[in-house]
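The values are calculated or read from the model by the stated rules, or taken from the named source; none is laboratory data. Just so you know, these numbers come straight off a predicted model, no measurement behind them. Neighbour counts are summed over all protein chains in view; Cβ atoms, including those assigned to glycine, are modelled from backbone coordinates with ideal geometry.
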Amino acid sequence: MSEELLYWLAGDLRWSDFPPKADMIATIAALIVVAGAIGVVATLTIARRWRWLFDNWLSSLDHKKIGIMYMVLAFVMLLRAVIEAVLMRIQQALSVNAQGVVSADHFAQLFSTHGTIMIFFVAMPFISGLINYVMPLQIGARDLTFPFMNAVGLWLSAAGAAILMASLVIGEFSTGGWSGYPPFTELAYSPGEGVDYWIWAVTLSSIGTTLTGINFATTIYKERCEGMHLFRMPLFCWTSLCTAILMIFAMPPLTVATALLALDRYAGFHFFTNGAGGNMMNYANLFWLFGHPEVYILILPAFGVWSEVISTFSGKRLYGYASMVFAVMCIAVLSFTVWLHHFFTMGQSTNVNAVFGIATMLIGIPTGVKVYDWLLTMYRGRIRLTAPMLFAMTFLLCFVIGGLTGIILANPPVDFQVHNSLFLVAHFHNMLIPGTLFGMIAGYMFWFPKAFGFRLDERWGRIAWACWSGGFLAAFMPLYWLGLMGMMRRTAISFEAAYQPWLNAAWAGAALIVCGIVALGIQLVVSVRRRSDLAVPVGDPWDGHSLEWWTPAPPPEYNFARRPRIEDTEAFTNAKRDGRAYHAPPSYEDIEVPRNTLIPAGIGAAGFVCAFALSWHIWWAALLGLAAMWAGVVLRSLQGDTERVIPAAEVQRQNEAWLDCARQTAPVTRFAEVERINRGRAMETT
Amino acid sequence: MSAGKNLHPGINLGHSDPAGHHQAEPVMFGFWIFLMSDLVLFALLLATYSAMSVHGVAGGPEPRDVTDLASAGIETALLLLSSFTIGMASLANKYHDDGRRLLQWLGLTAVLGIGFLAMEARDFASLIAEGAVPQRSGFLSAHFTLLGCHALHVAAGLLWMAVLVLQLMATGLERALRLRFMRLALFWHMLDIVWVAILTFVFLYGAAG
Ligand code: HEM
Ligand SMILES: [Cu+2]
């Protein structure tokens with residue numbers, strides 16, 4: 001075949017881009033991905049689950065199922081990113097005055113994929129998933145305003161994640177870090193598919209997230225049930241709202257940054273190149289105009305989880321509700337005014353640095369308010385140290401440390417000393433792991449019984465907590481010290497013997513974190529096995545306050561047989577006190593729910609094809625993918641009959657079955673909530 | 001809530017279709033939010049342009065060399081006129097059930113939109129013929145990207161219009177379609193607003209500087 005025809009057909013893709021790879025570890029990684037894919041396909045085929053998968057999950061527009069699928073995506077990607085992290089820890093521990101186990105180039109791919117995956121394909125899907133599941137229930141809605149768009153957002157994120165998985169098998173990934181700074185990521189220094197993979201994976205995720213943010217905000221503003229004034233919403237909804245607003249305004253800068261970089265790389269433009277008037281500082285501004293609000297996108301929903309968890313397991317109303325709300329709003333607004341602290345060293349005047357340094361420190365104030373509110377919520381509460389609550393304790397302790405090191409970094413003169421050192425790596429992991437990741441794990445444990453109808457095993461939950469907390473401290477506290485000693489981030493090999501003990505400690509911590517992940521896996525397996533012992537069909541295992549607990553576990557697809565009408569934030573608590581929580585409504589009516597459709601998954605698949613083809617310059621396939629995505633949208637607009645009616649009689653049957661079950665279930669006191677007798681009906685306290 | 005109350009900014013269906021009025025509320029609200037998000041995109045491209053037009057010239061053409069005020073004037077006239085015609089289309093969408101009047105105004109809007117795109121294509125072609133290609137300098141990259149992004153939006157609006165018109169001919173003016181025409185009109189007006197910003201910062205400032 002002639003070279004030209006080959007290029008026309010396959011772009012730059014050649015057999016040599018497929019495994020085996022130059023380096024042993026990369027080859028093994030590729031094989032694991034391939035084996036994993038084959039394993040999933042084989043299992044589904046043997047278990048004859050394909051139909052089930054398509055009918056119940058892939059085509060669903062139900063916000064609860066979409067939420068669960070987001071969480072599954074996040075957990076799968078978390079596994080990969082943690083393995084990469086451990087590999088990096090091993091490398092750094094073994095490469096003091098030595099070669100280590102991976103090449104410098106491979107190490108660079110590792111931190112690039114680890115960072116990209118953790119941010120875009122672990123933390124973001126966790127957040128979108130949790131909000132998807134919980135928020136509509138908490139505001140008494142039947143679904144999000146735009147169920148179809150919701151599914152499109154999910155599948156675009158999944159397509160981005162799939163690009164990262166593909167990059168492990170075919171070709172190589174970017175070595176430009178999760179922030180992809182030019183001019184290094186320009187064609188001159190990074191030819192090849194790596195940066196293109198990064199650009200398109202991140203672009204898919206950012207478009208999906210923008211759509212999701214629009215959906216969340218519209219839902220919160222327009223779908224609240226009667227009586228649910230904004231200031232009666234549970235705090236998780238407020239944090240969801242702030243996150244949604246940040247998504248709406250902060251994702252476009254990322255889209256612009258990656259699009260302009262793509263124009264440079266694909267069309268020879270000069271936005272960020274070294275010559276011809278290009279200016280990489282503009283990239284830094286665009287990227288962090290997204291990047292800083294992004295870290296609040298990541299942390300605010302976790303704040304919401306902590307508020308729910310701490311108030312529920314302290315058996316108290318949240319302390320200082322209004323101050324909490326104002327604090328999140330302040331944080332959301334301020335988060336747009338501090339982006340420059342990511343590049344104090346870039347050469348702007350000291351006055352500019354001072355302004356941004358002070359703005360950064362200001363964020364500590366509303367955050368401090370929240371910490372005190374959480375502490376005061378626990379004060380004189382009847383605290384139950386369940387696994388999510390234990391995670392909350394680690395969070396409170398570690399988050400304060402991380403916040404303080406953040407304030408230290410906000411001083412430009414200090415930042416000049418530790419910029420890009422492991423001190424910074426320690427700081428942001430200190431916020432992201434105890435803050436975001438633990439928040440998501442706690443949320444997963446807290447709402448799992450709601451989603452699946454049975455509780456998670458408590459003992460393994462505590463073991464997981466111990467491993468994660470200890471592992472986090474061991475893995476990251478040494479990095480502060482290493483950073484102060486002068487060890488820079490992203491270094492594959494170092495030449496300072498004094499680093500060794502601290503790197504060893506960090507390595508051991510990472511190993512303990514792996515134990516934490518294994519414990520989470522065991523917890524899931526054990527709980528599924530014991531699911532009849534752990535069942536909580538009545539749906540209120542923790543004596544919850546908000547509306548999501550006022551439904552069966554798992555809730556019906558329409559959420560509420562009758563949409564509730566409330567008169568207070570703690571409407572459900574009041575109903576329980578007055579003994580009217582499980583009374584039948586006066587009447588029922590037909591309910592419309594969206595019909596399933598495979599179009600969103602198709603749009604995601606087309607997006608994957610487009611992104612993959614663009615990375616390899618296979619132009620015909622890229623055009624085809626793009627056209628197919630829009631064809632999906634047009635096709636949807638032609639579908640006439642998108643709703644399905646569930647008749648009132650059916651709603652009544654299901655709801656009365658649940659109410660009967662509730663009335664026959666013995667209520668349990670809070671201190672027996674992890675015992676077998678907890679079937680999901682909380683004792684009415686007076 | 002009465003039909004007279006405006007449930008969202010812009011033309012409300014209110015009196016002419018009370019049931020559709022309530023259905024419109026969340027949908028239109030969501031679309032307004034989308035427009036805000038899209039505006040952030042343009043704001044950033046404008047900011048990039050303003051930085052590049054000073055620092056990114058690299059010895060090549062400057063803003064004043066690439067701004068043709070006569071052409072920009074015609075383009076502005078075409079686009080503003082099309083905003084008027086789509087406004088008339090929106091009124092037809094609200095008050096007339098048969099869709100004929102709506103089609104007429106939309107047809108006019110499409111003609112104006114295509115005229116605008118043709119003028120822009122002509123501008124681009126003449127710049128390229130002079131050697132002022134986007135690969136020449138950071139400034140020209142920003143110039144082409146900002147205008148190109150706006151033109152792409154206009155083209156997308158025209159395609160959207162075409163799809164909706166085909167649906168209108170197939171099914172008549174159903175309620176779902178009414179709501180889509182309302183959103184198309186908002187989108188079109190936003191592109192007009194963006195154009196005013198472009199006219200000011202790219203063409204007027206460019207010609208003055
Ligand atoms: C679970 C345990 C984790 C471990 C052991 C770990 C370890 C590491 C290591 C060793 C690096 C490279 C540091 C260097 O540049 O020298 C790194 C970078 C990074 N990590 Fe983690 N990490 C973990 C979790 C997370 C989480 C949960 C997130 C985000 C939600 C995250 C986000 C990042 C980012 C953004 C980078 C920077 C990548 C870059 O340099 O471009 N990590 N991590
Ligand atoms: Cu920041």
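Consider segment A:257-285. How many of its residues are under 22 Å from the mean Cα position of the chain (by Cα) and either away from ligand 2 (no atom under 16 Å from the Cβ) or modelled with pLDDT under 95 (or both)? Even if it seems obvious, please write down each step before you answer.
Taking segment A:257-285 as the starting set, the residues that turn out to be under 22 Å from the mean Cα position of the chain (by Cα) are A:257-258.
Narrowing further to those that are either away from ligand 2 (no atom under 16 Å from the Cβ) or modelled with pLDDT under 95 (or both): A:258.
So the answer is 1.
Take the residues of segment A:91-105 that are crowded, with 21+ Cβ neighbours inside 10 Å and either polar (S, T, N, Q) or within 14 Å of chain B (Cβ to nearest Cβ) (or both): which is nearest to ligand 1 (Cβ to nearest atom)?
By that ranking, first place goes to A:Gln92.
Would you mention how many residues in segment A:261-278 are facing chain B (nearest Cβ under 7 Å) and of a type outside the set (Gly, Ala, Ser)?
Total satisfying the criteria: 4.
Quick one: would you say A:Val333 is out of contact with any helix residue (DSSP H, G or I) (no Cβ under 8 Å at 6 or more places or on another chain) and either within 16 Å of ligand 2 (Cβ to nearest atom) or in a helix (DSSP H, G or I) (or both)? Reasoning before the result, please.
On the way: out of contact with any helix residue (DSSP H, G or I) (no Cβ under 8 Å at 6 or more places or on another chain): yes; either within 16 Å of ligand 2 (Cβ to nearest atom) or in a helix (DSSP H, G or I) (or both): yes.
It is true that A:Val333 is out of contact with any helix residue (DSSP H, G or I) (no Cβ under 8 Å at 6 or more places or on another chain) and either within 16 Å of ligand 2 (Cβ to nearest atom) or in a helix (DSSP H, G or I) (or both).
Failed condition for A:Val76, given (1) surrounded by fewer than 24 Cβ atoms within 10 Å (Cβ to Cβ); (2) within 30 Å of A:Tyr558 (Cα to Cα); (3) within 14 Å of ligand 1 (Cβ to nearest atom), with all others met?
So A:Val76 meets the others, but not (3).
Can you name the number of the only condition in (1) touching a residue at least 40 places away in the same chain (Cβ under 8 Å); (2) more than 10 Å from every other protein chain (Cβ to nearest Cβ); (3) out of contact with any Leu (no Cβ under 8 Å at 6 or more places or on another chain) that B:Trp105 fails?
Result: B:Trp105 fails condition (1) only.
Could you please let me know if A:Val526 is away from ligand 1 (no atom under 16 Å from the Cβ) and crowded, with 22+ Cβ neighbours inside 10 Å? Don't jump to the end; show me each part of the working.
Working: away from ligand 1 (no atom under 16 Å from the Cβ): yes; crowded, with 22+ Cβ neighbours inside 10 Å: no.
Taking the combined requirement at face value, the residue does not satisfy it.
If you check A:Ala332, A:Ala359, which single one turns out to be modelled with pLDDT under 95 and either within 25 Å of the chain's Cα centre (by Cα) or crowded, with 20+ Cβ neighbours inside 10 Å (or both)? Step through it out loud before you land on a result.
Numbers: A:Ala359 fails: either within 25 Å of the chain's Cα centre (by Cα) or crowded, with 20+ Cβ neighbours inside 10 Å (or both).
The unique qualifying residue is A:Ala332.
If the requirement is being small (Gly, Ala, Ser) and in contact with an Asp or Glu (Cβ under 7 Å, 6 or more places away or on another chain), which of these qualifies: A:Ser311, A:Ser323?
Working: A:Ser311 fails: in contact with an Asp or Glu (Cβ under 7 Å, 6 or more places away or on another chain).
Going through A:Ser311, A:Ser323 in turn, the sole match is A:Ser323.
Hey, among A:Thr185, A:Thr203, which residue is within 14 Å of another protein chain (Cβ to nearest Cβ) and in contact with a helix residue (DSSP H, G or I) (Cβ under 8 Å, 6 or more places away or on another chain)? Working first, answer last.
Details: A:Thr185 fails: within 14 Å of another protein chain (Cβ to nearest Cβ).
From the options A:Thr185, A:Thr203, the qualifying one is A:Thr203.
Would you check which residues across segment A:293-321 are surrounded by fewer than 24 Cβ atoms within 10 Å (Cβ to Cβ) and closer than 20 Å to A:Trp198 by Cβ and list them?
Selection gives A:Val295 alone.
Mind counting the residues in segment A:481-501 that are more than 13 Å from ligand 1 (Cβ to nearest atom) and either part of a helix (DSSP H, G or I) or touching a Gly at 6+ places or on another chain (Cβ under 9 Å) (or both)?
Qualifying residue count, segment A:481-501: 8.
For every residue, the table says whether it meets (1) buried (at least 24 other Cβ atoms within 10 Å of the Cβ); (2) within 16 Å of ligand 2 (Cβ to nearest atom); (3) at pLDDT below 95; (4) assigned to a helix (DSSP H, G or I).
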{"site": "A:Phe107", "(1), (2), (3), (4)": "no, no, yes, yes"}
{"site": "A:Phe121", "(1), (2), (3), (4)": "yes, no, no, yes"}
{"site": "A:Phe126", "(1), (2), (3), (4)": "yes, no, no, yes"}
{"site": "A:Met135", "(1), (2), (3), (4)": "yes, no, no, yes"}
{"site": "A:Val152", "(1), (2), (3), (4)": "yes, no, no, yes"}
{"site": "A:Ala159", "(1), (2), (3), (4)": "yes, no, no, yes"}
{"site": "A:Ile163", "(1), (2), (3), (4)": "yes, no, no, yes"}
{"site": "A:Glu172", "(1), (2), (3), (4)": "no, no, yes, no"}
{"site": "A:Gly177", "(1), (2), (3), (4)": "no, yes, yes, no"}
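Residues checked against (1) of a type in the set (Lys, Arg); (2) under 20 Å from A:Val72 (Cα atoms); (3) within 16 Å of ligand 2 (Cβ to nearest atom); (4) away from chain B (no Cβ under 14 Å):
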{"position": "A:Asp415", "(1), (2), (3), (4)": "no, no, yes, yes"}
{"position": "A:His419", "(1), (2), (3), (4)": "no, no, yes, yes"}
{"position": "A:Phe423", "(1), (2), (3), (4)": "no, no, yes, yes"}
{"position": "A:Lys450", "(1), (2), (3), (4)": "yes, yes, no, yes"}
{"position": "A:Gly470", "(1), (2), (3), (4)": "no, no, no, yes"}
{"position": "A:Met477", "(1), (2), (3), (4)": "no, no, no, yes"}
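Go through (1) of a type in the set (Val, Ile, Thr); (2) away from ligand 2 (no atom under 16 Å from the Cβ); (3) more than 30 Å from A:Leu385 (Cα to Cα); (4) part of a helix (DSSP H, G or I) for A:Thr312 and report which single condition fails.
So the condition that A:Thr312 fails would be (3).
Can you tell me which condition A:Met88 does not meet? The list is (1) within 23 Å of A:Ile522 (Cβ to Cβ); (2) among the aliphatic types (A, V, I, L, M); (3) near ligand 1 (Cβ under 9 Å from one of its atoms); (4) surrounded by fewer than 24 Cβ atoms within 10 Å (Cβ to Cβ), and all the others hold.
(1)
I'd like to verify a number: residues in segment A:633-650 that are more than 11 Å from every other protein chain (Cβ to nearest Cβ) and either β-branched (Val, Ile, Thr) or exposed (fewer than 14 other Cβ atoms within 10 Å of the Cβ) (or both), how many?
Initially, segment A:633-650 is screened for residues more than 11 Å from every other protein chain (Cβ to nearest Cβ), giving A:636, A:641, A:643-650.
In the following step, the residues that additionally are either β-branched (Val, Ile, Thr) or exposed (fewer than 14 other Cβ atoms within 10 Å of the Cβ) (or both) were identified as A:641, A:643-647, A:649.
Total meeting the criteria: 7.
Hey, can you tell me all the residues within segment B:154-183 that are β-branched (Val, Ile, Thr) and surrounded by 15 or more Cβ atoms within 10 Å (Cβ to Cβ)? Give the derivation first.
Narrowing segment B:154-183 to residues β-branched (Val, Ile, Thr): B:154, B:163, B:165, B:171.
Passing the criteria: B:Val154, B:Val163, B:Val165.
Say whether the condition of being within 14 Å of another protein chain (Cβ to nearest Cβ) and in contact with a His (Cβ under 9 Å, 6 or more places away or on another chain) is met by at least one residue in segment B:146-157.
No: zero hits.
Is at least one residue of segment A:335-348 under 24 Å from the mean Cα position of the chain (by Cα), aliphatic (A, V, I, L, M), away from ligand 1 (no atom under 16 Å from the Cβ) and modelled with pLDDT of 95 or more?
No: zero hits.
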